[in-house]
1. Among the strands (runs of 3 or more DSSP E) confined wholly to region 1-109, which include 2 or more residues that are at pLDDT 85 or above, touching a His at 6+ places or on another chain (Cβ under 9 Å) and open to solvent by 20 Å² or more (accessible area, probe 1.4 Å)?
2. Would you please list the contacts, defined by Cβ atoms under 6 Å and residues six or more apart or on different chains, that run from a residue in region 130-149 that is within 14 Å of Gln173 (Cβ to Cβ) to a residue that is open to solvent by 10 Å² or more (accessible area, probe 1.4 Å) and charged (D, E, K, R)?
3. With in a helix (DSSP H, G or I), over 16 Å from Val29 (Cβ atoms) and of a type in the set (Asp, Glu) as the only criterion, which of Asp119, Asp148 stands out?
4. List the residue pairs whose Cβ atoms are under 9 Å apart, where the first residue sits in region 171-186 and is small (Gly, Ala, Ser), the second is crowded, with 17+ Cβ neighbours inside 10 Å, and the two are 6 or more positions apart or on different chains.
5. Identify the residue in region 228-257 that is over 27 Å from the mean Cα position of the chain (by Cα) and of a type in the set (Gly, Ala, Ser) and, among all such residues, is farthest from Glu176 (Cα to Cα).
Amino acid sequence: MSFFKKMLASVGIGSAKVDTELDSAQVVVDGTISGRVRVQGGQTEQRVENIYLYLKTSYVREHNDSKVTHEAVIAKYQLSAAFTLNPGENKEIPFHFALPQQMPITLRQAPVWVETGLDISQAVDPTDRDYIQVLPNQEIQTVLDALDNLGFRLREVTNDYAPRLGGALPFVQEFEFVPTTHFRGKLDELEVLFFPRGADLELMLQIDRKARGLRGLFAEEMGLDESLVRVTIPGGELRRGVQTVAGQLKELISRYS
């Protein structure tokens, strides 16, 4: 390679192009993601140290009374070992990976995307971004349907900064519901966090009671009108279906409303 072409490669001119093709743009929480990465060589020979695939999302963090949006890596997968990419060469690398259990669902304002890149020594890192739709698994969908049966309408889904609750992730996904039937007039809202535990599903519920009378207004002012409840629904109960889970949740929420 001539000195001039080496210089071109070192600043990313004529560098490789990368494109990711997914088998499906829809995935399920704790399911799999598969597809292939196509790499096309540029004008010069280049050493590719690694091809990687990230699952990413965004979350909101409050800072100095303002909300700032950050990117977060949900998972990272290595697709290949180092290799030399010749000028104009086309290379295809298939992949198939299990998704992490703690995967945000793409409802409302909660995007998830796949970002693929080449780690090329001393060159611009070409990347490719593909948005995907993440659907609830059967366990989470059963709880969502149960809450719907109880008259809770999903108002908002947000990824919020909470490293102590998020475990390996810096955020948690919060589902905010408003009551329309059974608990209307008793609750202002219900916030739910989902934590998959194998076949079981742990829920964190923040139950926000509606202020009633002077005592209720005082409790609301002091922040005493909210109860934080953690409950684990065993896999066996989830498999019994929506009506069973709805009955259990109704009994639990009634204790705090």
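The values are calculated or read from the model by the stated rules, or taken from the named source; none is laboratory data. No experiment lies behind these values; they were computed from the predicted model shown. Note that each Cβ is placed from the backbone with ideal geometry, even for glycine, and that neighbours are counted across all protein chains shown. Ligands, DNA and RNA are stripped out before the accessible areas are found, and what is left, the full protein with its side chains, is counted by its heavy atoms. Shrake-Rupley method; radii C 1.70, N 1.55, O 1.52, S 1.80 Å.
1. Those strands (runs of 3 or more DSSP E) span 32-40, 46-63.
2. Between residues of region 130-149 that are within 14 Å of Gln173 (Cβ to Cβ) and residues that are open to solvent by 10 Å² or more (accessible area, probe 1.4 Å) and charged (D, E, K, R), the close pairs are Asn137/Asp30.
3. None of the other options fit; the residue is Asp148.
4. Hits for this filter: Gly185/Pro179.
5. Gly247
Here is a yes/no grid of residues against (1) of a type outside the set (Phe, Trp, Tyr); (2) under 27 Å from Thr106 (Cβ atoms); (3) at pLDDT 95 or above:
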| site | (1), (2), (3) |
| --- | --- |
| Arg153 | yes, yes, yes |
| Glu174 | yes, yes, yes |
| Phe177 | no, yes, yes |
| Glu189 | yes, yes, no |
| Leu193 | yes, yes, yes |
| Ile207 | yes, yes, no |
| Leu214 | yes, no, no |
